[in-house]
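Heads up: the structure comes next, in structure tokens.
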Amino acid sequence: MYLVNATAMGQAYVPMISTADSSDIWVDVHSCTDFDCWWAYRNIYTVDGIISAGGYEYVQFNRSTEYEQGTDLGLWCTESLSTSEAIIGIREENKRVFVNPNPTSEQSEEYLAYDFNLTVGDTVPDPYYYQSSGGPSDFDLIIHTIDSIFISGTWRKRYQINSWPDIIEGVGSSSGLLNPLNYAWSGACNISLNCYMEQGVADYFTSNCELPLSSPSCPATSQSRELLKVVDSMGREHQATPNTLLFYIYSNGEVEKVFRVE
């Protein structure tokens, strides 16, 4: 059977928000190491009904944040642990995902976080909410590949851009739910989506959604991985080929199901 594209496959769009009382959970972590000191924000997002703001109805996302800073060797570092709560509004319209970072404030404005109508060669949204001086222009956010991956029982489009991270239908960015694509990267800092859980199961992002922030592994928020081999459904090694279901096996034990369309 010859498959031309995702539409021919009958692949349906997977929304970010299934229902306003969804049990989905997102966990992203932002951490940095400064000499021998480190700090980390761990954000857990859960869905909790509807909130109105600025003439729009948003699905309310509750964000619970744990912040910790600590040290291994730096005697001048101050160790601390604190928590905070916030409300985020997210709505979808025509396969576009809008985020209101604080719908309880009249001054808060929404931004376009994701546009899943885009195709290869297009530029992905660059959210102004995360812009910092000199940051956005340093990144080439052009889509160079679109393929399909199997997550939580459904095929979803994955947009791969020229600078990390990837963007996935129904999940968001591998750098976090709210799409901080223009974050100023450095070797000492990292930001990543550690866990996406749907109906109580974490699939593609397999880190433990309940991992305590104080775990020694926290500053290393994403485990490095290298592609070991690509195999077909029979376990035979295979070249990356369009229109073929393949399994990408990585050094950290993760396996991705990939169907790349041409």
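Bear in mind these aren't lab numbers, they're just calculated from the coordinates by the rules spelled out. Bear in mind the structure is a predicted one, so any value in this text is a computation, not a measurement. Please note: Cβ atoms are built from the backbone with ideal geometry, for glycine as well, and neighbour counts cover all protein chains shown.
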**OP:** List, in order, the whole-Hz ³J(HN,Hα) value for each residue of the stretch 119-124 obtained from phi through the Karplus relation with A = 6.51, B = -1.76, C = 1.60 and θ = phi - 60°; use x for Gly and Pro.
**Re:** 9, 4, x, 7, 9, 6
Subject >> Among 80-88, 166-174, the order from most to least packed when residues are scored by Cβ within 10 Å on average >> reply: 166-174, 80-88
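Which order do the peptides 146-156, 12-22 come out in when sorted by mean C-beta neighbours inside 10 angstrom, highest first?
Details: 146-156: 18.2, 12-22: 14.6.
The peptides rank, most packed first, as 146-156, 12-22.
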